[in-house]
Amino acid sequence: MKSTGVVRRIDELGRIVIPKEIRRNLGIRDGENIEIFTENDSIILKKYYRMSTNIDLANHLCELIYNNFNYKILITDREKIIAHAGIGYDLKERLLNQEFLQIIEERETKTKESTSITIGEYTLNGNFAYIPIISLNDSIGLVIIYSENPIKEEIIIGKLIASIFSQKLDI
């Protein structure tokens, strides 16, 4: 564990303030949820990702789409790839770069043709559709469809998957 040198007092309601600099460094925005863990005599705070509670669903949907439609697909939360199928590399848990985070924040379906994207040490070349997953008015991840051919009806499948996650997480 890394010490920050910051000491905070707990108020009468049991609250503490996490300094803005630490929140900024960890990418924690106002209003986001934090998971609380304990280990021995330590309290561990971790940024909470709603998508991470649905990794099994994401894996099943990716396999279903790839096996039935032969669409290469990736599903992300706001931090990393949580599921994929048809890619040929193990990209799970690979962190998203700033380009993906920008697309998540813009909250709009986008296509990019004849381009390359880098995920970790891997580069994928082709055509991509990026469909944001929006739940409770917050953009929480992406469905990415990847193809060597021009993207057409694949966007419909991507929007369907994003909608499934949105409805499941809105409950």
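The values are calculated or read from the model by the stated rules, or taken from the named source; none is laboratory data. Just so it is clear, the structure is predicted and the values come from calculations on it, not from any experiment. Note: ideal-geometry Cβ built from the backbone for every residue, glycine included; neighbour counts use all protein chains shown.
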*If you go through segment 76-114, how many residues are at positive phi and touching a strand residue (DSSP E or B) at 6+ places or on another chain (Cβ under 7 Å)?*
4
*When you go through 75, 43 one by one, which is the residue that is in the same structural domain as residue 128 (by TED's automatic domain parsing), of a type in the set (A, V, I, L, M, F, W, C) and in a strand (DSSP E or B)?*
75
_Can you say whether residue 160 is within 17 Å of residue 85 (Cα to Cα), assigned by TED's automatic domain parsing to the domain that holds residue 98 and free of Cβ contacts under 8 Å to residues at least 24 places away in the same chain, as far as the supplied structure shows?_
yes
*asked:* Which of the numbered conditions does residue 54 fail, given that it passes all the others? Conditions: (1) over 30 Å from residue 3 (Cα atoms); (2) of a type outside the set (Lys, Arg); (3) at pLDDT 85 or above.
replied: (3)
*Candidate set from segment 124-141 (those that are among the hydrophobic types (A, V, I, L, M, F, W, C) and buried (at least 18 other Cβ atoms within 10 Å of the Cβ)); member that is farthest from residue 107 (Cα to Cα)*: 124
*When you go through 25, 67, 59 one by one, which is the residue that is surrounded by fewer than 13 Cβ atoms within 10 Å (Cβ to Cβ), assigned by TED's automatic domain parsing to the domain that holds residue 94 and either in a helix (DSSP H, G or I) or not β-branched (Val, Ile, Thr) (or both)?*
67
*The listed residue being assigned to a helix (DSSP H, G or I) and of a type in the set (D, E, K, R), out of 93, 35, 105*: 105
*asked:* Looking at segment 59-79 only, could you name the residues that are at pLDDT 90 or above and under 11 Å from the mean Cα position of the chain (by Cα)?
replied: 74, 75, 76
*Could you please give the count of residues in segment 139-163 that are touching a helix residue (DSSP H, G or I) at 6+ places or on another chain (Cβ under 7 Å) and hydrophobic (A, V, I, L, M, F, W, C)?*
6
*How do the pairs read when you match residues in segment 133-150 that are over 12 Å from residue 164 (Cβ atoms) and without any contact (Cβ under 8 Å) to a residue 60 or more places away in the chain with residues anywhere that are of a type in the set (S, T, N, Q) and surrounded by fewer than 18 Cβ atoms within 10 Å (Cβ to Cβ), using Cβ under 6 Å and keeping only pairs 6 or more apart or on different chains?*
134/166
*Go through (1) at pLDDT 85 or above; (2) more than 30 Å from residue 125 (Cβ to Cβ); (3) buried (at least 18 other Cβ atoms within 10 Å of the Cβ) and name the single condition residue 9 misses.*
(3)
_Going through 113, 153, 108, 121 one at a time, which residue ends up being within 26 Å of residue 48 (Cβ to Cβ), loosely packed, with under 15 Cβ neighbours inside 10 Å and acidic (Asp, Glu)?_
108
